[in-house]
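Just below is one structure, and these are the notes that go with it.
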Amino acid sequence: MPLTGYSPTVIKEWLTGGVDFSLAGNGGPTCIEFTSPLRRYVELLFGLTLAGVVITWAYKHCSLPECRSTTRRDRGGRKTLLAIVSLVFGMEVAYKFATKTIIFLLNPCHVITAIQIYLLAATPSRFVTALFRVHLNFLNGAILALLFPVTNTLFMPFETEIYFIQHFMMLVTPYYLLRVGGAYNVEKLRDLSWTYLSFGIMILYHYLVLFPIALPLEINLSQMLCPAISDPFYGENYRLWTLLHQAIFVPALCKGYCQLCKYFITKFPLTRVKSDIGTDLGLLTALETTKNGFKCHQHHGNCNINM
């Protein structure tokens, strides 16, 4: 006897049943017809070629520092932030289930939020460092979502508020992790290898994951089928414009964000907690901390700063 509760029709209904194609930018025939099939596939080939070139170059230049095994000395900050981010993400997931639009959880901002939950909970390692560095270059999605919000499809109670909170927390979480330091470190300012590796991965995710799913379902995942109504480059060339401005915006935003975090963590009097952005906050000794003018609580020779 077939399990009708898990039939393809029922699964598709949960994934896309609540998508309102009458709303601009959601998808549907009009969205698919925004550009011709030939143009879509030419742009697909161009995007994959660009991604291959960029990733090949970047991977050869990427390097990771050794990760020392340390005992965490956080005083609840990590757990509190993990609880908040998990709660916000859980509400986003609940909204998608309630509105039968689960497919939109594949959008990059939701994926990055899930990655940040993992980073907050994971044991420090070289893999965590690599994932942290890559994910920093996906914060452009949060910035764009806050500058050009697409809220015309949000109707549930507090759904719009959660939209803004989620994207704001996407910017708060990396700041906290950089403050903690240790495995959560970044490359030098002039090193663009991790940035363009991430840019290549971003292109592959859009063209190899989102596009093959979006096209047959007629769902406009991450604007792969047609531009958002708030897109300043609205027009048939919007995908090419996106590749161009993101090739500039991704490294500029990532480096600018990291430098801003570095200033507040290491120099700004009211928020500085260490003198070097790469230092593991849990390993600062009382002597090092006092020398740099920070306040701490001594514990077995180490300095515990609220994390």
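Read-outs throughout are calculated quantities, based only on the coordinates presented, and are distinct from any laboratory measurement. Everything numeric in this text was worked out from a predicted model, so none of it was measured.
Compute the Cα gyration tensor for the range 117-164, then decide on rounded, prolate or oblate, letting a ≥ b ≥ c be the square roots of its eigenvalues: rounded whenever a/c is under 1.5, prolate when a/b is larger than b/c in the other cases, and oblate in all that remain.
Taking the square roots of the gyration eigenvalues as a ≥ b ≥ c, the range 117-164 is oblate.
How big is the Kirkwood radius of the range 36-193, worked out from every pair of different alpha carbons and given in Å to one decimal? Intermediate results must be reported in sequence, preceding the final value.
On the way: mean 1/r = 0.0562 Å⁻¹.
One over the average 1/r among Cα pairs gives 17.8 Å for the range 36-193.
Over the alpha-carbon set of the range 121-219, work out the extent along each principal axis and list the three values in angstrom, largest first.
That gives 41, 31, 27 Å along the principal axes, largest extent first.
Let me know the shape class of the chain, please: from the alpha-carbon gyration tensor, a ≥ b ≥ c as square roots of the eigenvalues, rounded when a/c is under 1.5, otherwise prolate if a/b is greater than b/c, or oblate.
Cα axes put the chain in the prolate bin.
What is the percent of Cα-Cα separations in the range 134-293 that go past 28 Å?
Percent of Cα pairs beyond 28 Å in the range 134-293: 34.
Quick one: divide the alpha-carbon radius of gyration of the range 235-281 by 2.2 N^0.38 Å and tell me what you get.
Relative to the rule-of-thumb radius for its length, the range 235-281 sits at 1.73.
With N denoting the number of residues in the range 197-271, provide Rg(C-alpha) divided by 2.2 N^0.38 Å, to two decimal places.
Expressed relative to 2.2 N^0.38 Å, the Cα Rg reads 1.47.
Counting helices only, and only those DSSP H runs with n ≥ 4, report the 222 nm mean residue ellipticity of the chain as the sum of -39,500 (n - 2.57) divided by its residues, in deg cm²/dmol to the nearest 500.
Values: 12 runs with 169 residues, N = 307.
Estimated from H runs of four or more residues: -18000 deg cm²/dmol.
Where the centroid of each part is defined by its Cα atoms, how far is the range 206-244 from the range 17-68 in Å?
The range 206-244 and the range 17-68 have Cα centres separated by 8 Å.
With viscosity set to 1.567 mPa s and temperature to 4 °C, compute the Stokes-Einstein D of the range 73-153, Rh being the Kirkwood radius across alpha carbon pairs; µm²/s, no decimals.
Reported coefficient: 92 µm²/s.
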